1. Pull up segment 135-186, narrow it to residues that are among the aliphatic types (A, V, I, L, M) and in contact (Cβ under 8 Å) with a residue 40 or more places away in the chain, then point me to the one that is most open to solvent (accessible area, probe 1.4 Å).
2. Which one of these is closer than 17 Å to GLU162 by Cα and of a type in the set (Gly, Ala, Ser): ALA77, ALA83, ALA133, ALA115?
3. Would you call THR121 open to solvent by 60 Å² or more (accessible area, probe 1.4 Å), polar (S, T, N, Q), in contact (Cβ under 8 Å) with a residue 12 or more places away in the chain and in contact with a helix residue (DSSP H, G or I) (Cβ under 6 Å, 6 or more places away or on another chain)?
4. Given the criterion farther than 24 Å from LEU64 by Cβ, in contact with a helix residue (DSSP H, G or I) (Cβ under 8 Å, 6 or more places away or on another chain) and part of a helix (DSSP H, G or I), identify the matching residue among THR175, THR138, THR148, THR142.
5. Pairs, please: C-beta under 7 Å, at least 6 apart or cross-chain, first residue touching a residue at least 12 places away in the same chain (Cβ under 8 Å) and under 12 Å from GLU59 (Cα atoms) and in segment 18-40, second surrounded by 18 or more Cβ atoms within 10 Å (Cβ to Cβ) and of a type in the set (Lys, Arg)?
6. Just checking, does segment 126-134 include any residue being surrounded by fewer than 17 Cβ atoms within 10 Å (Cβ to Cβ), in a loop (DSSP other than H, G, I, E, B) and in contact (Cβ under 8 Å) with a residue 24 or more places away in the chain?
7. Yes or no: segment 93-101 includes at least one residue that is open to solvent by 50 Å² or more (accessible area, probe 1.4 Å) and modelled with pLDDT under 95.
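The values are calculated or read from the model by the stated rules, or taken from the named source; none is laboratory data. The model shown is predicted, which means the values in this text are computed figures rather than measured ones. No Cβ is skipped: glycine too gets one built from the backbone with ideal geometry, and neighbour counts run over all protein chains shown. Note: accessible area is taken over every heavy atom of the protein model, side chains too, but ligands, DNA and RNA are not part of it. Shrake-Rupley method; radii C 1.70, N 1.55, O 1.52, S 1.80 Å.
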Amino acid sequence: EIGNFRAALQWSLGDEHDVNLGCELAARLSILWWRSLHVEGTRWLQVAKLCRLDAPTIEARISLALSHSLSDSAGRAAYASTAAAAFRTLDDPLALASSLHSEAEARRSIGEYSAASRMQTEAVALYRAHGTAAQVATALLTLGSIETIVGNRQAARKLLEEGRALDPRIGSIATNLAELEFADGN
């Protein structure tokens, strides 16, 4: 369907037939952009970001999608922060959790561990209240990795074990637990 997506984006954004539709589509395709078409997706999202919209939810979704697609961690953090601020006012707890999670991961990668931990702790709480077990487990994985980096291995282990109990299919949790065991000489 990639050809159809491109045609729809070109029609709606390129020729400005239905900018709201094009922006929504560009944002909703973020998983495709993130997993396989980074450069193209970032280009479509940046085109969408330039559009004048009267749709705060779509604008926030574009910022969130850009926070997933950029390679620059500081840029990812800035877009995620913009999305989080918007989703706070839009009363969308899962989108807010996703924005906080994205910002936490970006801040972790640039060494802002305290800020990353605060954001991820809030994201975990939101996922616990409104999300799925898989979302909670993934959020716990990120929080556990932050704790590992700052040297709180016991806290990291507890978070990761809880995440593994919630969703044992997430292989990165087992990998991180194995790395903790290795660091402890086991």
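1. The extreme case among them is ILE149.
2. ALA133
3. No; evaluated as a whole, the condition is false for this residue.
4. The unique qualifying residue is THR148.
5. ALA27/ARG61
6. No: segment 126-134 contains no residue that is surrounded by fewer than 17 Cβ atoms within 10 Å (Cβ to Cβ), in a loop (DSSP other than H, G, I, E, B) and in contact (Cβ under 8 Å) with a residue 24 or more places away in the chain.
7. No: zero hits.
Here is a yes/no grid of residues against (1) within 20 Å of ARG76 (Cα to Cα); (2) among the hydroxyl-bearing types (Ser, Thr, Tyr):
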position: LEU90; (1), (2): no, no
position: LEU94; (1), (2): yes, no
position: SER109; (1), (2): yes, yes
position: MET119; (1), (2): yes, no
position: TYR127; (1), (2): no, yes
position: HIS130; (1), (2): no, no
position: THR148; (1), (2): no, yes
position: GLY163; (1), (2): no, no
